[in-house]
Amino acid sequence: MTSVHQAAQTERRAMWRWTSIIVGMLLLQVVLCAIGVTAALRGKGVMVEADYYNKALHWDDQAALVRASNELGWKTELSVGATATTGGDRALLLRLVDKAGAPIENAMVSVAFFHHARPLELRQAELKSAGGGLYVSSVPLDRKGIWEFRLTIHRVVTGAKDEMYVATLQRDLLE
């Protein structure tokens, strides 16, 4: 009788062990899902771009502006300072030339920029002319990684239609 009793007891222990493992795995899945949902709702890294709906509504206008910019044939060369100040500011230099390679002067240059990990933290700056088609500013670029820069350049031409140029550039900051 003892062997039957021992077999039943061993079988009961095995049943409880496997039941506990299955229930534990299910509970682990629920906990991991809860952590994932919390991270998705609280994290700033996985967000869509600000005002994306309005941008989608005006996509045709933006596409026309990009085509007009391409027709102008301007060339931009964006450089970011290699070292940052203690506050995280870096020099931002933009060289702007026309189709013929002549420097473009007297333009109003603004730039909107953000780190790819933080698309909702959109920052803006106005670049000042330093002469010779060079425009400069000091901007807060306080993170390593890929930054996106959206340039908007406006130049008033006497006796002609104003010129507007847009470009989107990316730079990878290594330090």
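Couple of notes before you dig in:
- Test: residue in the stretch 154-168 that is surrounded by 12 or more Cβ atoms within 10 Å (Cβ to Cβ) and among the polar types (S, T, N, Q): no
- Residue in the stretch 41-58 that is of a type in the set (Gly, Ala, Ser), assigned to a helix (DSSP H, G or I) and assigned by TED's automatic domain parsing to the domain that holds VAL139 present: yes
- Only one of ALA84, ALA102 that is at pLDDT below 90 and either surrounded by 12 or more Cβ atoms within 10 Å (Cβ to Cβ) or more than 17 Å from THR152 (Cα to Cα) (or both): ALA84
Residue-by-condition table, conditions (1) part of a strand (DSSP E or B); (2) more than 30 Å from ALA130 (Cβ to Cβ); (3) free of Cβ contacts under 8 Å to residues at least 24 places away in the same chain:
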residue: THR19; (1), (2), (3): no, yes, yes
residue: LEU32; (1), (2), (3): no, yes, yes
residue: ASP60; (1), (2), (3): no, yes, yes
residue: ALA68; (1), (2), (3): no, no, no
residue: LEU78; (1), (2), (3): yes, no, no
residue: ARG90; (1), (2), (3): yes, no, no
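- For the stretch 136-146, the count of residues that are assigned to a strand (DSSP E or B), within 25 Å of ASP61 (Cβ to Cβ) and in contact (Cβ under 8 Å) with a residue 24 or more places away in the chain is zero.
- Of all residue pairs spaced 6 or more apart or on separate chains, those with beta-carbon atoms under 6 Å, a first member in the stretch 161-175 that is in the same structural domain as LYS75 (by TED's automatic domain parsing) and farther than 17 Å from LEU93 by Cβ and a second member that is modelled with pLDDT of 90 or more and of a type in the set (Lys, Arg) are GLU163/ARG155; THR168/ARG150.
- As for the stretch 124-136, it holds no residue that is more than 11 Å from LEU94 (Cβ to Cβ), surrounded by 15 or more Cβ atoms within 10 Å (Cβ to Cβ), in contact with a strand residue (DSSP E or B) (Cβ under 9 Å, 6 or more places away or on another chain) and not charged (D, E, K, R).
- The residues listed here are ARG123, ARG150; of these, the one that is in contact with a Pro (Cβ under 8 Å, 6 or more places away or on another chain) and assigned by TED's automatic domain parsing to the domain that holds THR86 is ARG123.
The values are calculated or read from the model by the stated rules, or taken from the named source; none is laboratory data. Every value quoted in this text rests on a predicted model; they were computed, and no experiment measured them. Every residue, glycine among them, receives a Cβ derived from its backbone with ideal geometry; neighbour counts consider all protein chains shown.
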